[in-house]
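**Student:** First the structure, which I've put down as structure tokens, then a few questions once you've had a look.
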Amino acid sequence: MTTQLIEGEDMFRAAFEQVQRDGTKAHALRSQAFTRFSEVGLPTPRLESWRFTNVRPIGQRRFVMPAGREVDPSAIASFELRGLEGPRAIAIDGRYVPELSSIKAIPPGVAIQSLTETLASGQELLTWPLGQLATFDDPAAAFTALNTSLFQDGIVVSIPDNTVVEAPLHLLFAATGSSGVMSHPRVLVVVGENSQLRLVESYAGVTDGAYLTNAVTEIVVGDNAVVDHYKLVRESVEAYHIASMHVRIGRSANFSSHAITLGGAIVRNDVVGELDGEGAECTLNGLYLVNDTRLVDNHTTIYHTKPHCNSHALYKGILDDRARAVFNGKIVVAPDAQKTDAKQTNKALLLSEDAQINTKPELEIFADDVKCTHGATIGQLDADALFYLRSRGLDVEQARSVLIHAFASDLLNRIAIEPIRAEFDAVLLRQLPGSGHTTFTVA
Amino acid sequence: MLEIRDLHASVGKREILRGIDLIINDGEVHAIMGPNGSGKSTLASVLVGRDDYKVTAGTATYDGRDLLELEPEERAREGVFLAFQYPVEIPGVNSAYLLKAALNEIRKHRGESELDAIEFMALVKERMKGLEIGPELFNRPVNAGFSGGEKKRNEILQMAVLEPRLAIMDETDSGLDIDALKIVARGVNALRSPERSTLIITHYQRLLNYIVPDFVHVLFGGRIVMSGGKELALELEEKGYGWIENDTAAQVNA
């Protein structure tokens with residue numbers, strides 16, 4: 001019996017007992033995960049990977065599991081991505097809602113469905129990676145342990161071998177926004193050999209509120225498959241968004257991720273990519289915009305375990321007011337992973353004297369024939385450029401907004417799917433300081 | 001159009017302009033020449049409102065208004081244009097976007113309707129004639145990766161589209177080969193009209209073979225020490241700035 005007090009343990013225990021009563025599947029895994037959580041508790045700044053992100057405000061609140069799932073469909077409509085035609089799976093407070101979703105025109109053999117129903121029906125071929133990628137032994141992974149023990153539902157996406165899903169799939173996790181509600185959405189994606197998928201995972205707060213979203217995503221990219229992943233975080237500005245994505249990338253497969261974070265009081269994104277076959281490639285791009293006293297923390301980890309793999313990580317942040325941001329980019333190169341080519345860059349634009357970023361590279365290299373580079377820059381808007389724009393007739397606000405958008409634009413331009421790029425651009429433009437001027441392109 | 005009276009300006013504690021007097025009437029082209037460090041670029045910067053320079057005394061009146069009171073963007077909208085000595089590279093901002101935004105800000109200020117993309121492109125195409133700027137340059141980020149000559153031509157294109165009432169050319173000719181120089185001159189000459197005036201700041205007389213000024217002034221030690229017609233430029237070319245320096249020193253010592 002431990003005498004250590006774990007903050008918030010009783011509320012999470014109550015939630016765990018509720019989930020057990022509900023008879024949701026995967027008992028053994030859930031129990032194991034909750035046991036681990038009760039041992040380690042919520043992460044504290046004493047853990048290196050949580051040094052700059054203090055989650056005590058989460059432990060001190062009284063979060064409960066969501067009661068129902070009634071939501072006005074029109075409230076969700078504004079978070080759908082316009083111009084994006086394709087299947088759409090919608091979950092409210094972590095539970096898949098088939099009535100709101102539209103799973104049409106998908107190739108044969110493709111499954112997009114509720115996680116708990118898939119578990120209940122014993123379709124193990126679709127759920128085998130559950131808990132395999134998102135492990136929780138590490139005390140820093142306490143939120144993963146919580147999600148694993150408490151998820152009420154989630155979405156399973158399964159693409160068979162040799163299947164190209166043309167239209168982008170949009171998974172929308174909407175939080176009804178009631179203060180004090182927590183949800184633990186779980187996403188499981190398995191893409192077969194030689195297949196292709198473009199997936200948008202978005203998290204949105206329907207109304208303001210201090211709720212908690214604790215999401216875990218596991219993605220298996222089969223040999224020679226291509227997966228483009230897009231994540232858009234538009235939580236309420238009072239909400240807590242803690243998420244981790246774990247990706248295993250097969251031989252000659254290609255995985256790319258573009259993450260855009262625009263909302264949330266505390267947002268923590270962990271991305272863990274494992275290059276698990278020769279010639280695999282992983283690209284992680286991220287862009288965040290943070291103001292007020294909010295915090296955005298991005299941690300990326302890339303494991304190079306096989307030879308001839310490439311990885312590129314580029315994260316850019318725009319910080320205003322008294323906002324804080326954390327970027328930690330870790331690259332681990334195993335002894336066998338010769339000819340690794342890994343590049344990591346982090347850039348931050350500080351719009352205020354009081355904004356603060358902590359950025360850190362972590363390279364652990366155990367092979368001798370590799371190329372690994374990292375770089376970080378932190379800067380302000382260029383005074384000469386600002387003056388140049390003003391000397392041509394643009395007012396200060398407009399000039400600032402043009403330059404901020406320019407800072408972000410090279411990341412946006414890496415988004416290959418035009419409707420997604422345009423939509424992300426539009427969402428970003430609406431959030432820019434002084435963004436009354438909306439046309440940044442000539443056409 | 002522009003009347004400068006006893007203008008003093010400093011950077012930090014160093015006084016660079018020490019009493020400039022200059023009157024530019026509608027339709028006139030004035031050239032200001034002078035050695036390095038005489039204050040030529042400072043004068044240009046003060047006129048367009050760069051805040052690194054502090055005006056400590058004197059006035060500058062533009063069309064009857066106190067020019068020094070206006071924000072840089074207000075001066076631009078009122079028709080003051082500076083062709084920069086070192087045009088700034090702005091990665092991520094498309095040249096065409098910037099120019100369209102600039103033109104429409106100026107048009108809005110004048111109470112004119114904004115141009116749409118098609119009208120704008122038609123105007124630009126017409127103004128590009130003779131400037132040897134192709135669409136490939138125009139659709140790239142502002143000055144990013146441009147050669148020195150391309151940057152200067154881009155400034156001239158902006159000027160040709162924005163049609164300023166008062167154009168200030170800050171050493172636009174420096175570092176240009178003769179072909180680029182002719183293009184720049186063509187751009188400036190095309191804008192010459194009874195309502196528009198130009199202030200050409202230059203170190204060398206060469207540009208003035210192609211843009212014939214109405215007046216030439218010599219700036220030295222933060223003051224205009226000599227003014228004359230276009231022949232003054234030739235005299236300077238022949239005798240060099242040393243002549244002025246000695247002459248000025250003699251006056252001061254007298």
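**Student:** Modelled label-to-label distance, residue B:190 and residue A:353, 7 Å Cα→beta-carbon offset: nm?
**Tutor:** 4.7
**Student:** Suppose a student asked you for the relative contact order of segment A:34-173, using Cα pairs under 8 Å spaced at least 6 residues apart; what percent would you report?
**Tutor:** In percent, rounded to a whole number, it is 35.
**Student:** Taking the Cα atoms of segment A:39-172, what is the range of coordinates along each of the three principal axes, in descending order and whole Å?
**Tutor:** Projected onto its principal axes, the Cα set of segment A:39-172 covers 49, 36, 28 Å.
**Student:** Still on this structure: Once fully extended, how much extra length lies between residue A:363 and residue A:128, figured as 0.36 nm per residue of separation less the alpha-carbon to alpha-carbon distance?
**Tutor:** Values: separation 235, 0.36 × 235 = 84.60 nm, distance 3.13 nm.
Full extension from residue A:363 to residue A:128 adds 81.5 nm.
**Student:** How big is the antiparallel share of DSSP beta bridges in chain B, given as a percent to the nearest 5?
**Tutor:** That works out to approximately 55 percent antiparallel.
**Student:** What base-10 log of the normalised intensity I(q)/I(0) is obtained for segment B:13-132 from the Debye formula, alpha carbons as equal point scatterers, at q = 0.16, 0.18, 0.19 Å⁻¹?
**Tutor:** Those come out to -1.01, -1.19, -1.26, one per q.
**Student:** Answer with one residue from A:412, A:134, A:206: the one whose Cα lies farthest towards the positive end of the charge dipole of the protein assembly as shown, charges on Cβ with Lys, Arg +1 and Asp, Glu -1.
**Tutor:** Highest projection toward the positive end goes to A:134.
**Student:** Right, something else. Starting from segment A:294-378, pick out the chymotrypsin sites (Phe, Trp or Tyr not before Pro) whose DSSP state is loop and whose Cβ has at most 12 other Cβ atoms within 10 Å. Walk me through the intermediate numbers first.
**Tutor:** Working: sites: A:303, A:315, A:327, A:366; in loops: A:366.
The qualifying sites are A:366.
**Student:** Rounded to the nearest 10 degrees, what's the angle between the helix B:148-162 long axis and the longest principal axis of chain B, both from Cα atoms, 0 to 90?
**Tutor:** Here the helix axis deviates by roughly 70 degrees.
**Student:** Moving to a separate point now. Can you give the longest run of chain A that contains no GluC sites (Glu not before Pro) sitting in a DSSP loop with at most 10 other Cβ atoms inside 10 Å?
**Tutor:** That would be A:100-352.
**Student:** With 10 Å bins from zero, work out the P(r) of the protein assembly as shown over every alpha carbon pair and list the percent per bin.
**Tutor:** Reading upward from the zero bin: 3, 14, 20, 19, 14, 12, 10, 6, 2, 1, 0.
**Student:** Here is the link list: B:100/B:151; B:40/B:108; B:108/B:230. Which ones come out longer than 27 Å on Cα distance?
**Tutor:** Beyond 27 Å: B:40/B:108; B:108/B:230.
**Student:** How large is the dipole of segment A:259-352 about the Cα centre if only Lys and Arg carry +1 and Asp and Glu carry -1, each at its Cβ, rounded to the nearest 20 debye? Write down the numbers at each step before the final one.
**Tutor:** On the way: 10 positive and 11 negative charges, 64 e Å.
Charge dipole of segment A:259-352: 300 debye, to the nearest 20.
**Student:** Could you tell me which of rounded, prolate or oblate describes chain B, using a ≥ b ≥ c as the square roots of the eigenvalues of the alpha-carbon gyration tensor, with rounded for a/c under 1.5 and, failing that, prolate when a/b is larger than b/c and oblate otherwise?
**Tutor:** Numbers: a/c = 1.89, a/b = 1.49, b/c = 1.27.
In terms of gyration-tensor shape, prolate.
**Student:** Another question about this same structure. Could you state the number of Å between the C-alpha centres of segment B:166-181 and segment B:187-249?
**Tutor:** 14
**Student:** Scan segment B:69-136 for GluC sites (Glu not before Pro) in coil per DSSP, keeping those whose Cβ has at most 16 other Cβ atoms within 10 Å, and list them by number.
**Tutor:** Answer in residue order: B:112, B:114, B:132.
**Student:** Could I ask something else about it? Where both partners of a DSSP beta bridge lie in chain A, what percent of those bridges are antiparallel, to the nearest 5?
**Tutor:** Values: 7 of 139 bridges.
Percentage antiparallel, nearest 5: 5.
**Student:** Cut-off under 16 Å on the C-alpha distance; same-chain residues fewer than 8 positions from residue B:152 excluded. Which lysines are left, in chain and number order?
**Tutor:** B:129, B:182
**Student:** Please enumerate, by chain and number, the aspartates and glutamates with C-alpha under 18 Å from the C-alpha of residue B:13, excluding those fewer than 8 residues away in the same chain.
**Tutor:** Residue B:13 reaches B:51, B:52.
**Student:** So for chain B, averaging the separation of alpha carbon pairs under 8 Å that are six or more residues apart and normalising by length, what relative contact order in percent results?
**Tutor:** 27
**Student:** Another question about this same structure. How much of the pair distance distribution for segment B:136-181 lies past 11 Å, counting alpha-carbon pairs only, in percent? The partial results should precede the final answer.
**Tutor:** Values: 720 of 1035 pairs.
Roughly 70 percent, once rounded to a whole number.
**Student:** In addition: Between B:13, B:108, B:152, find the one with the highest GNM mean-square fluctuation for chain B; connect C-alpha pairs within less than 10 Å.
**Tutor:** B:13
**Student:** Convert each backbone phi in segment A:51-62 into a coupling constant with the Karplus relation 6.51 cos²θ - 1.76 cosθ + 1.60 (shift: θ = phi - 60°), then list the ³J(HN,Hα) values in order as whole Hz, x for Gly and Pro.
**Tutor:** These are the phi-based 3J(HN,Hα) values: 4, 9, 10, 9, 9, 3, x, 6, x, 7, 8, 10 Hz.
**Student:** If you don't mind, another one. For labels at residue A:343 and residue B:235 in the simple 7 Å Cα→Cβ model, what's the distance in nm?
**Tutor:** Reported label-point gap for residue A:343 and residue B:235 is 6.0 nm.
**Student:** Using helices alone, what [θ] at 222 nm do you get for chain A, with -39,500 (n - 2.57) per DSSP H run of 4 or more residues, divided over all residues and rounded to the nearest 500?
**Tutor:** For chain A, the value works out to -6000 deg cm²/dmol.
**Student:** Apply the Kirkwood formula to segment B:59-113: the hydrodynamic radius equals the inverse of the mean of 1/r over all pairs of different alpha-carbon atoms; give it in Å with one decimal.
**Tutor:** Result for segment B:59-113, one decimal place: 12.9 Å.
**Student:** Also, I was wondering about something else. Less than 26 Å apart at the alpha-carbon level, and either on another chain or at least 8 residues along: which lysines does that give for residue A:371?
**Tutor:** A:306, A:316, A:330, A:339, A:343, A:347, A:360
**Student:** With an 8 Å Cα cut-off and a minimum separation of 6 or more residues, compute the relative contact order for segment A:176-298 in percent. If you can, show how the numbers build up before the last one.
**Tutor:** Details: 375 pairs, mean separation 28.2, N = 123.
Result for segment A:176-298 is 23 percent.
**Student:** Checking the a/c ratio against 1.5 first, then a/b against b/c, what shape does the Cα gyration tensor give for segment A:79-128?
**Tutor:** Cα axes put segment A:79-128 in the oblate bin.
**Student:** From the square roots a ≥ b ≥ c of the eigenvalues of the alpha-carbon gyration tensor of segment A:346-393, which class results: rounded (a/c under 1.5), prolate (a/b over b/c), or oblate?
**Tutor:** It comes out oblate by the Cα gyration axes.
**Student:** Could you point to the residue in A:308, A:49, B:24 farthest towards the positive end of the protein assembly as shown's charge dipole, with +1 and -1 charges on the Cβ of Lys/Arg and Asp/Glu respectively?
**Tutor:** So the residue furthest toward the plus end is A:49.
**Student:** Once you place label points 7 Å from the Cα toward the Cβ at residue B:63 and residue A:380, how far apart are they in nm?
**Tutor:** Going by the 7 Å Cα→Cβ label model, 3.4 nm.
**Student:** Something else: What's the local net charge at residue B:31, with K and R +1, D and E -1, over the other residues with C-beta under 15 Å away? Display every interim value, and only then the final one.
**Tutor:** On the way: positive: B:40, B:192, B:206, B:230; negative: B:28, B:170, B:171, B:173, B:214, B:231, B:235, B:237.
Within the 15 Å Cβ shell, the charges total -4.
**Student:** Quick one: P(r) of segment B:109-160 from all Cα-Cα pairs, 10 Å bins, percents rounded to integers, in order of increasing distance.
**Tutor:** With 10 Å bins starting at 0, P(r) equals 22, 51, 24, 3.
**Student:** Taking the number of other C-beta atoms within 10 Å as the exposure measure, put A:125, B:234, B:103 in order starting with the fewest. Mind showing how you got there, number by number?
**Tutor:** Numbers: A:125 11, B:234 14, B:103 22.
Going from sparsest to densest Cβ surroundings: A:125, B:234, B:103.
**Student:** Please report, in whole Å, how far the alpha carbons of segment B:179-254 spread along each principal axis, starting with the longest.
**Tutor:** In descending order, the Cα extents are 45, 28, 19 Å.
**Student:** Taking R0 as 60 Å, what's the FRET efficiency between residue B:177 and residue A:416 from their Cβ-Cβ distance, rounded to 0.05?
**Tutor:** It comes out at approximately 0.90.
**Student:** Rounding to the nearest 20 debye, state how big the charge dipole of the protein assembly as shown is about its Cα centre with +1 on each Lys and Arg Cβ and -1 on each Asp and Glu Cβ.
**Tutor:** Values: 69 positive and 93 negative charges, 80 e Å.
Using only the charged Cβ atoms, the result is roughly 380 debye.
Bear in mind that the values in this text are calculations on the coordinates, not laboratory data. Model, not experiment: these values are computed from the prediction. Please note: Cβ atoms are built from the backbone with ideal geometry, for glycine as well, and neighbour counts cover all protein chains shown.
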